[in-house]
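Data block below; observations after.
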Amino acid sequence: LMNVKISQEILAKLMEDSYPQVSITAAWVACRQGSAGGVESLKKWLKDIHPRWRWMAASILPRCGALALPMMQEQLTAHEDPFVKANIALGLVGQRILVEKASQIIDDFFRSHPRSRILII
């Protein structure tokens, strides 16, 4: 199913959908198809007022491939939400990028939020 190409016009509309789950999923599909617009859409969700959508976007970002790496590296230190940073750090460790720095962020997160382990996606 992931090999089915979805037009950029359809993805652009879906990324603007009012349902965050639809928009974030469309952004992921756009990234998987090589569109930098997907990364920009996820960046918007990383700034959302609702933590749930920030966390969802942060958990999807590492699955967007090389297009998302610059933003992941930037958000690893710049973002204020520790759950966002922890999810991005997990993604970077999985990709073997900035492993030491990302591991330190994960360690700091678990030391500061010992009961939050189940909230990391």
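The values are calculated or read from the model by the stated rules, or taken from the named source; none is laboratory data. As the structure is a prediction and not an experimental result, all values here were calculated from the model. Backbone-built Cβ (ideal geometry, glycine too); neighbour counts: all protein chains shown. These accessible areas exclude ligands, DNA and RNA; they are computed on the full protein's heavy atoms, side chains included. Shrake-Rupley method; radii C 1.70, N 1.55, O 1.52, S 1.80 Å.
Suppose the filter is at pLDDT 95 or above, in contact with a Pro (Cβ under 8 Å, 6 or more places away or on another chain) and surrounded by fewer than 19 Cβ atoms within 10 Å (Cβ to Cβ); does Trp45 pass it? Answer is no for this residue. Selection of first residues in the range 41-69 that are of a type in the set (Lys, Arg) and of second residues that are part of a loop (DSSP other than H, G, I, E, B), restricted to Cβ pairs under 6 Å at least 6 apart or on distinct chains, gives the following pairs, ordered by first then second residue: Arg54/Asp48; Arg54/Asp81.
The set of residues in the range 1-48 being within 20 Å of Ser59 (Cβ to Cβ) and not in a helix (DSSP H, G or I) consists of Met2, Asp17, Tyr19, Gln33, Ser35, Lys47, Asp48. Here Glu74 passes the criteria (1) under 28 Å from Gln8 (Cβ atoms); (2) part of a loop (DSSP other than H, G, I, E, B); (3) out of contact with any helix residue (DSSP H, G or I) (no Cβ under 7 Å at 6 or more places or on another chain) except the one numbered (2). Looking across Pro62, Pro114, Pro82, one residue alone is in contact with a His (Cβ under 8 Å, 6 or more places away or on another chain) and either within 20 Å of Gln21 (Cα to Cα) or modelled with pLDDT under 95 (or both). It is Pro82.
With respect to the conditions (1) of a type in the set (Val, Ile, Thr); (2) over 16 Å from Ile24 (Cα atoms); (3) surrounded by fewer than 15 Cβ atoms within 10 Å (Cβ to Cβ), Ile97 falls short on a single one, namely (3).
Considering only the range 88-95, I want to know if a residue exists there that is of a type outside the set (Val, Ile, Thr) and not in a helix (DSSP H, G or I).
So far as the range 88-95 goes, yes, one or more of its residues are of a type outside the set (Val, Ile, Thr) and not in a helix (DSSP H, G or I).
For Val84, the stated conditions hold: it is open to solvent by less than 20 Å² (accessible area, probe 1.4 Å) and either touching a helix residue (DSSP H, G or I) at 6+ places or on another chain (Cβ under 9 Å) or of a type in the set (S, T, N, Q) (or both).
Of the set (1) crowded, with 20+ Cβ neighbours inside 10 Å; (2) without any contact (Cβ under 8 Å) to a residue 24 or more places away in the chain, all apply to Val4 but (1). Going through Gln104, Gln73, Gln33 one at a time, which residue ends up being surrounded by 15 or more Cβ atoms within 10 Å (Cβ to Cβ), farther than 25 Å from Asp17 by Cα and not aliphatic (A, V, I, L, M)? Just a single option satisfies the conditions, and that option is Gln73.
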